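What follows is a set of notes on a single structure, which appears directly below.
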Amino acid sequence: MSTPLTVTVAVPVLNEARHISACLAALESQTYGDIVEILVVDGGSDDETRDLAGQVAGVRILENDERVQAAALNLAIHEAKGDVLVRVDGHCIVAPDYVERCVATLARTGAAMVGGGMTPEAEGWRAGGIAAAMRSPFGAGPARFHVGGQAGWVDTVYLGAYRVDTAKAVGGYSLEPVSEDGEFAIRMRRAGGVYYDPAIRSTYVPRRTFTSLARQFHRYGAMRAATVVRHPHSVKPRQLASPLLVVGLASPARRPLLGAYGLVVAAAAFRERRHPGVVPGLVGALPVMHLSWGAGFLLGLGRSFGSARRRTAA
């Protein structure tokens, strides 16, 4: 019999006191018996995150002096004692068999990286509406890790699990202002592929306010633009919809465009008709997500090309 793969679980955090205890409790309850350590990589929390994490057996706290998530993940890859690194976010609750299924899927498929879906859960009209928008194909897009689907090869997955040696071989996560997960997945696809398995299950708590949601998606859009500049082939036509919406609303064609967009929002609301309590929040969340992402993408594209021109001129 082959020796079981050992696992390091990495949890990058920054001010996750609200969720870290539940996150770590889920990791303590894993069915996989060869988890050798849990690394909580802290980016300078000024709440009780570190104290709460330190109360859990098997947790080692690392200092992420650079305070960005890519640096936290690179530190975890460098420090990992396990053969496989399973990434978990601090506001995420993984299923009891999460690690077991990640390891099994890596072994079965030979993929460079595997993962499952992003399942947002929240209560209340606003937070629940944001969660509904995040999991809607009209919201964050039709990627399988957002809306579900059959197991298979994909562009990217939520969180991700991979052999430590593979992550080191591709250079880890980029510290440039790109979409670190998406850009890392591009290189992992070249190293053996990225595989989605719906049996790898977890839930996470999304943003609770429209303001924080807008900041999140503006940042996502800007980072995605930088990734497109670095990997032009990675852009998908559907990813241009939000930037074109922003441009269109600033043009004389805004009225018919608003009408068409209203139909999109109505279609998304209709899909949630069995959960009427979240519909007002969803109707508010969708334009926040789309316009913030689109504006961030356009501004990020401008900054990236501007930086490229300055480097060329120098």
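Bear in mind that the values in this text are calculations on the coordinates, not laboratory data. Note that the coordinates shown come from a computational prediction; the quantities given were computed from them, not determined experimentally. Heads up, the Cβs are rebuilt from the backbone with ideal geometry, glycines too, and the neighbour counts pull from every protein chain shown.
Among Leu175, Leu298, what is the fewest-to-most ranking by other Cβ atoms within 10 Å?
Going from least to most buried by this count: Leu175, Leu298.
Could you pull the Cα extents of the stretch 210-308 along its three principal axes, largest to smallest, in whole Å?
Largest first, the stretch 210-308 extends 48, 30, 25 Å along its Cα principal axes.
Pairs of Cα atoms under 8 Å, at least six residues apart: use those to get the relative contact order of the stretch 210-308, whole percent.
Here the relative contact order equals 59 percent.
How would Ser202, Ser292 line up from fewest to most surrounding beta-carbon atoms within 10 angstrom?
With the fewest neighbours first, Ser202, Ser292 line up as Ser202, Ser292.
Quick one: work out the % antiparallel among DSSP beta bridges in the chain, nearest 5.
40
How far is the Cα center of the stretch 191-228 from the Cα center of the stretch 109-136, in Å?
First find each Cα centre; the distance between them is then 9 Å.
How tilted is helix 210-230 with respect to the longest principal axis of the chain? Cα atoms for both, answer in degrees (0 to 90, nearest 10).
In the chain, helix 210-230 runs at an angle near 80 degrees to the longest axis.
Compute the acute angle (0 to 90°) between the alpha-carbon long axis of helix 125-135 and the principal axis of greatest extent of the alpha-carbon atoms of the chain; round to the nearest 10°.
Between helix and principal axis, roughly 80 degrees.
Within 10 Å, count the other beta carbons around each residue, average over each peptide in 100-112, 235-247, and list them highest first.
The densest-packed peptide leads the list: 100-112, 235-247.
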